[in-house]
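Below is one structure, written out as structure tokens; the observations come after it.
The values are calculated or read from the model by the stated rules, or taken from the named source; none is laboratory data. On a predicted model such as this, the values are computed, not experimentally measured, just so you know. Note that each Cβ is placed from the backbone with ideal geometry, even for glycine, and that neighbours are counted across all protein chains shown. To get the accessible areas, we keep the full protein, side chains included, count just its heavy atoms, and leave off ligands, DNA and RNA. Shrake-Rupley method; radii C 1.70, N 1.55, O 1.52, S 1.80 Å.
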Amino acid sequence: MSQQNEELMKRLKEILRRDREKSPLEATREFLQSYVLDNDWEDIRRAIEHMMKFNPSTVIRGLHGIEDLLADPPKEENTLNYLVACEASWVLDEPNDQNSAIWLRELAEFIRDSMGDKQPPRSS
């Protein structure tokens with residue numbers, strides 16, 4: 001293998017390692033920014049279905065991030081509210097962490113439904 005190919009492989013392995021080590025908060029934020037921000041439910045479903053054909057790991061990582069975040073919510077107040085309001089740009093009738101957790105749980109189920117028979121096992 002050439003020196004250039006070895007360097008490329010090293011960089012790719014490092015990217016994959018960092019991806020696997022993302023915290024649930026980071027994975028959730030990334031998913032919301034990539035799939036939910038400025039989209040409606042139908043747009044989100046189409047994006048998930050499309051990615052499940054080509055790169056399902058991004059959807060799975062986001063789903064597990066959301067589920068893990070809900071299983072062990074952040075201690076800092078308003079974190080979930082911030083995620084929904086700012087990272088997803090979603091307006092809740094009563095914005096707070098409790099309602100944001102409900103919305104995120106609904107989003108996780110929506111993601112699973114959109115994945116169809118390609119759903120991973122539940123992480124939590």
Accessible area of the chain with a 1.4 Å probe: how many percent of it is carbon plus sulfur? 50 percent
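So what is the accessible area of segment 34-99 per residue, in Å², with the probe set to 1.4 Å? Don't skip to the answer; put the middle values down first.
On the way: 3900 Å² over 66 residues.
Spelled out: the 1.4 Å probe surface of segment 34-99, per residue, equals 59 Å².
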Under the Karplus relation 6.51 cos²θ - 1.76 cosθ + 1.60, θ = phi - 60°, what is the ordered set of whole-Hz ³J(HN,Hα) values for segment 97-109, x standing for Gly and Pro? 5, 5, 5, 5, 5, 4, 4, 5, 5, 5, 5, 4, 5
Going through segment 27-124, which GluC sites (Glu not before Pro) have at most 10 other Cβ atoms within 10 Å and a DSSP loop state? E76, E77
Candidates for Rg and Dmax of the Cα atoms in Å are (i) 16.8, 56; (ii) 12.8, 36; (iii) 16.0, 58, and the calculated one carries label (iii)
With θ taken as phi - 60° and the coefficients 6.51, -1.76 and 1.60, list the Karplus ³J(HN,Hα) couplings across segment 112-118 in order, rounded to whole Hz; mark glycine and proline as x. 4, 4, 5, 6, x, 7, 9
Pseudo-spin-label distance Q3 to E42, built 7 Å along Cα→Cβ, given in nm, is 5.6 nm
More than 15 angstrom apart: percent of Cα pairs within segment 35-83: 57 percent
Rank T79, G65, S100 by how far each Cα sits towards the positive end of the charge dipole of the chain (+1 on Lys, Arg Cβ; -1 on Asp, Glu Cβ) and give me just the farthest. G65
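Say a site is exposed when it is one of the trypsin sites (Lys or Arg not before Pro), sits in a DSSP loop, and has at most 13 other Cβ atoms within 10 Å; what is then the longest site-free stretch of the chain?
Numbers: sites that count: K75, R122.
In the chain, the maximal stretch lacking such sites is 1-74.
Do the sum for the chain: with -39,500 (n - 2.57) for every DSSP H run of n ≥ 4, divided by all residues, what is the mean residue ellipticity at 222 nm, to the nearest 500 deg cm²/dmol?
Numbers: 6 runs with 79 residues, N = 124.
Here the helix-only value at 222 nm equals -20500 deg cm²/dmol.
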